[in-house]
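Rule-based calculations on the coordinates, nothing more; no lab input. Owing to the predicted nature of the structure, the values given are computational and were not obtained by experimental measurement. All Cβ positions, even for glycine, are placed from backbone atoms using ideal geometry, and neighbour counts span all protein chains on display.
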Amino acid sequence: MNQNLLKQLIKEELISILGEEEQQEPKKKKNVSYTGLVLFQEGHNLLISRFKEPEWESIAHHVTINLGPFKGSEELLGQEFDIVVNSFMKDNLVSAVGVTMPPEIVGKENPHMTIAVNREGGGKPQMSNNLNWSEAESVEPMILKTKLLEVKQGDNRFADDY
């Protein structure tokens, strides 16, 4: 018996035993690049005006929680949360702010948001993960509104547009 015929027979048997709905796999979320706390436009503007290097490319978009679909409680998705900016760090390629996360969200060690990158020097947003946060400069705290979202590759909308 060929393999495809055997698979079809097993599938039909499962359907007859379990019923159509129960044998189907749960739907997977496609094309989710990362889950993050995405800023509203106003917060982006505040961060850029306060921290951006003049010749660098602006980023100031989100705090990454995890890569791919959200690994936490689905009921939190789409909700608004405050983050507190409390430090600033930069090197010759990237600048970022350190943030305090809302207690409901479990994120990475050293939660931060990339503010700007020196593309001409070879800077990339993910390089902010390599900054030495123990040397970060404390700043006057800023409370910013965000929204917990699953973001597809290339989607740079702010939380206002979701």
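Things to note:
- If you take the Cα centroid of region 101-162 and the Cα centroid of region 36-76, the two points sit 5 Å apart.
- Our estimate of slack between residue 145 and residue 15, defined as 0.36 nm per intervening residue step minus the Cα-Cα distance, is 42.0 nm.
- Note on residue 52 and residue 152: their simple-model spin labels are 2.6 nm apart, each label 7 Å out from Cα toward Cβ.
- Label point at residue 120 placed 7 Å out along Cα→Cβ; residues across region 82-107 whose backbone nitrogen lies under 14 Å: 93
- Take each peptide in 33-40, 74-81, count the other Cβ atoms within 10 Å of every residue, and average; sorted highest first, the result is 33-40, 74-81.
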